[in-house]
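This report refers to the structure that appears directly beneath it.
The values are calculated or read from the model by the stated rules, or taken from the named source; none is laboratory data. Bear in mind the structure is a predicted one, so any value in this text is a computation, not a measurement. All Cβ positions, even for glycine, are placed from backbone atoms using ideal geometry, and neighbour counts span all protein chains on display. Accessible surface is based on the protein model in full, side chains and every heavy atom, while ligands, DNA and RNA are left aside. Shrake-Rupley method; radii C 1.70, N 1.55, O 1.52, S 1.80 Å.
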Amino acid sequence: MSASDEGNAAPAGYAPHPYVGGRTAALRALAAWRMRWPGAPRVIVLTGNPGSGRTRLVTGFLMMCDPGHRKQLPLDDLDPATVPPDLPAPVVPSPAGRTAAQMLWMISDHLGLNADRDDDIFTELAAREEPVTLVVPDVDQAGPVRAAHEPARIVRDVLKPLAATETVQLLAEVPRELAAELAGALPAGQVQIIDLDAPEWADPKGLVLHAETALTPEAGAPDLPYTTDPAARRALAEALAARADGNRLTVRLAVQSLLLQPAGFDPADASLLPGSVGEVLDLHARRLGADPRTLRLMLAPLAFAEGEGLPVQLWGALASAVAGRDMSRDIADGMLLAAPFIQPVEPSREEDPDGDGDGGGDESTEDGGAGSGADGRTLLRLTHPGLAEEIRSGLPDVRDAQTKIAMALLEAVPQQDWSRADPYIRDHLAAHTLDAGLLPQLLTDPGLFAHADPVTMRAAIEAVPLEQLGAPARTYLRTAPLLTRSQAPAELRAAFLESAFVEDGLAPYAEALHTLGFNLPWRTLWSVPLVGVRAVTTGSLPPQDGDGATADAADPGDPDGRAAGTAAGTAQSPAPATADSAGPAAPASATTAPGRPVAAFLVPEGTPGSRTVPGPDSDAPEGSGRALLVHDLLRPGYVDADPAQVQLPSAQAQEAAPLGLSRGADYLRVWSRADEEVVAALLSDTPFTGADLSPDGVLVVATARGVTARQILAAAPAPAPTVPAQRTGTADSASSDGLEGDHS
């Protein structure tokens, strides 16, 4: 369909789209795409300058694609070539605030695809018999962190593979700088770029109608000579549209400005008609007798705001930081000055995803929801992303402004206690410091790691080159997928991080988490990066003659084995090993004096330090593959002892133990035998290969990366992370050979 038919709609007497108010040529092209008209492209890339009306056009088109919404539109009055056929609604995955990975799995879940990896999603789509219609709006708003440039990743990792899939019919609204990259991946006949600022797609008549409608009393305009008189209203609308050079945002802001403060506006004075978004700001300030730079400084914190918006209580401090002077009086007296450009936002529960209120103040409500969304606070944001872009571009030094904002946010944390920080600071400080180039310096605080939203924190850290990150940040980065997948509250995030720090040899960071007021369910005792562990069990060695303990097989320079116990690695696992699986060991009688608590690992034969053990029915032949390592249970360090001497807890001791263990392929739960309440929950990003819980509450788990021991501390029920329903496993920890492997 050719855009040259733009003028045909009006002569034919068709009504404009009630929401779009024009864009006939673009709507015709989209309708042809939707009905798969012969010669229509399979992929349309919709683009334009900020404020060109891309989002409004897509929204209006989707109204006609939705069976329920179609009934509310006067379709019989519209140009038939602009009305798509009555088909099932297309899939519309919104990238706003989401990462590329989240986008992909949202599509997969919606379509019910059987995919385990990203590439499987595209393979599954390609194998479908019926085409899939996807509309992806607002790509410019993708990502939880603006400075992480997620829109480019969405185009590269999601839209380009989708566009290359023959069974996918795709409409994507993308920024101009990414449009050519997306379209260039396909043959010319399969893709079309619709640039709303290009002459062939421009809609000057529609822009006039847009301005004229906004000036009517029916739209909320006050009674003024140029709003009540149709001729004057039309003349002003034509003048505004001509001066704005096709930009709908410029017209929209200009109308808001003059209607909120009509004094000082003369429609006959062309010098008061803005030609750009920046001119709207400057003309509005001058008309109200203010310095345009003051208005821009007032709005600067909102132009840098992350997430849903900036809490109103932080606005003044951040504006003062950017300006380098006290702006509190300017803001208090300048609400009319700023009013056309800001809007309040009611925060959603996503601003405090934990629902635990760990960042909303000193007090919490009965359900623990003292964070945003539960305390009734108000967020502010600019009325359009294009306005934010204009304000940022007008600052002399964007990085310096972000540095000042980041420092002011840090100063606003009460006594540097992240549990009392405003949720906005807790969740979005990393984004501001990323844009300022300071994020690596921030990533040394374990309290911030635990309290910050893991989705935004992970996105910010992933935007930093790995070589610039310190050891704590790298530990966080490898743990982040577990934190996001589990949807764990701050306390459980702290517990997962505590173990991760021990696994990576960062014991001081792990210890710091025990001093920050968290009621952690465990204390990680040690971790060893041991590959190939197939089962673990806990027991004890009998007291030896002399000193009552066996000797450590430790390096002379490391007498307590601490280096081995704090080396990097990861460990978790679901089923405790029995005596049969971990080697010959005798059950301890109820009257046996307690010996040295140990853990035994079933490892491949030939593992350094291990001892080959006989099988259950015969002596172990050469190469039987059964070998054991013995490790101290309560502290780092291997034990040089005969595995045959390891005594397992007696049945009486196991039954009398206060805690029990349940497991799945990638999760464990420790529960109280008294009331069957969960006191500790553990997830793993790799399948467990072995697990056991000693009678005194030491949990030893193994994964493909190593073995870790945790002393269970929690005496009260602990919040369990979200466990995917399909991931189930045995719930009986009393008997298991620890070799079941991955049941996921």
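Can you name the residue in region 258-282 that is assigned to a helix (DSSP H, G or I) and modelled with pLDDT under 95 and, of all such residues, is surrounded by the fewest Cβ atoms within 10 Å (Cβ to Cβ)? So, considering only residues that are assigned to a helix (DSSP H, G or I) and modelled with pLDDT under 95, the one surrounded by the fewest Cβ atoms within 10 Å (Cβ to Cβ) is Ser271.
The set of residues in region 177-191 being crowded, with 18+ Cβ neighbours inside 10 Å and out of contact with any helix residue (DSSP H, G or I) (no Cβ under 7 Å at 6 or more places or on another chain) consists of Ala179, Ala183. Filter region 135-151 down to the residues that are acidic (Asp, Glu) and farther than 23 Å from Ala406 by Cβ, then identify the one that is surrounded by the fewest Cβ atoms within 10 Å (Cβ to Cβ). Ranking the qualifying residues of region 135-151, first place goes to Asp138.
Does region 28-39 include one or more residues that are assigned to a strand (DSSP E or B), touching a Phe, Trp or Tyr at 6+ places or on another chain (Cβ under 8 Å) and in contact (Cβ under 8 Å) with a residue 24 or more places away in the chain? Outline the logic, then answer.
Step one: of region 28-39, the residues assigned to a strand (DSSP E or B) are none.
Checking region 28-39: not a single residue is assigned to a strand (DSSP E or B), touching a Phe, Trp or Tyr at 6+ places or on another chain (Cβ under 8 Å) and in contact (Cβ under 8 Å) with a residue 24 or more places away in the chain.
Pull up region 106-134, narrow it to residues that are free of Cβ contacts under 8 Å to residues at least 24 places away in the same chain and in contact with a helix residue (DSSP H, G or I) (Cβ under 8 Å, 6 or more places away or on another chain), then point me to the one that is surrounded by the most Cβ atoms within 10 Å (Cβ to Cβ). Checking each candidate, the answer is Ile121. So Gly246 fits all but one of (1) surrounded by fewer than 17 Cβ atoms within 10 Å (Cβ to Cβ); (2) part of a loop (DSSP other than H, G, I, E, B); (3) of a type in the set (Gly, Ala, Ser); what number is the exception? For Gly246, the failing item is (1). Among the criteria (1) in a loop (DSSP other than H, G, I, E, B); (2) in contact with a helix residue (DSSP H, G or I) (Cβ under 6 Å, 6 or more places away or on another chain), the one Thr515 does not fulfil is (2). Do we find that Ala620 is among the aliphatic types (A, V, I, L, M), at pLDDT below 90 and out of contact with any Asp or Glu (no Cβ under 7 Å at 6 or more places or on another chain) in this structure? It is true that Ala620 is among the aliphatic types (A, V, I, L, M), at pLDDT below 90 and out of contact with any Asp or Glu (no Cβ under 7 Å at 6 or more places or on another chain).
Starting from region 524-542, take each residue that is within 23 Å of Pro508 (Cβ to Cβ) and part of a loop (DSSP other than H, G, I, E, B) and list its partners that are open to solvent by 20 Å² or more (accessible area, probe 1.4 Å) and of a type outside the set (A, V, I, L, M, F, W, C), counting only C-beta distances under 6 angstrom and pairs at least six apart or across chains. The qualifying pairs do not exist here.
Just so you know, in region 288-314 the residues that are at pLDDT 95 or above and of a type in the set (D, E, K, R) include one that is farthest from Glu389 (Cα to Cα), and it is Asp291.
Screening Arg426, Arg399, Arg392, Arg381 for residues that are closer than 26 Å to Thr475 by Cα, at pLDDT 95 or above and either open to solvent by 50 Å² or more (accessible area, probe 1.4 Å) or basic (Lys, Arg) (or both) leaves exactly one candidate, Arg426. Among the residues here, Ser527 does not qualify as surrounded by fewer than 24 Cβ atoms within 10 Å (Cβ to Cβ) and among the polar types (S, T, N, Q). Checking each residue in region 33-63 for being more than 23 Å from Leu387 (Cα to Cα) and open to solvent by 10 Å² or more (accessible area, probe 1.4 Å) picks out Arg34, Met35, Arg36, Trp37, Pro38, Gly39, Ala40, Pro41, Arg42, Leu62, Met63.
No other residue among Ala214, Ala221, Ala285 is surrounded by fewer than 22 Cβ atoms within 10 Å (Cβ to Cβ), under 41 Å from the mean Cα position of the chain (by Cα) and modelled with pLDDT of 95 or more apart from Ala285. What tally of residues in region 193-239 results from selecting those that are part of a loop (DSSP other than H, G, I, E, B) and of a type outside the set (Ser, Thr, Tyr)? Summing the residues that are part of a loop (DSSP other than H, G, I, E, B) and of a type outside the set (Ser, Thr, Tyr) in region 193-239 gives 15. Among what's in region 442-487 and is small (Gly, Ala, Ser) and assigned to a helix (DSSP H, G or I), pick the residue that is farthest from the chain's Cα centre (by Cα). Per the stated criteria, the residue is Ala471.
Name the pairs: first residue in region 43-64 and closer than 25 Å to Ala185 by Cα, second residue open to solvent by less than 10 Å² (accessible area, probe 1.4 Å) and hydroxyl-bearing (Ser, Thr, Tyr), Cβ to Cβ under 8 Å, at least 6 apart or on different chains? Listed pairs, sorted by first residue: Arg54/Thr47.
Is there a residue being within 20 Å of Asp642 (Cα to Cα) and modelled with pLDDT under 85 anywhere in region 523-544? Scanning region 523-544 turns up at least one residue that is within 20 Å of Asp642 (Cα to Cα) and modelled with pLDDT under 85.
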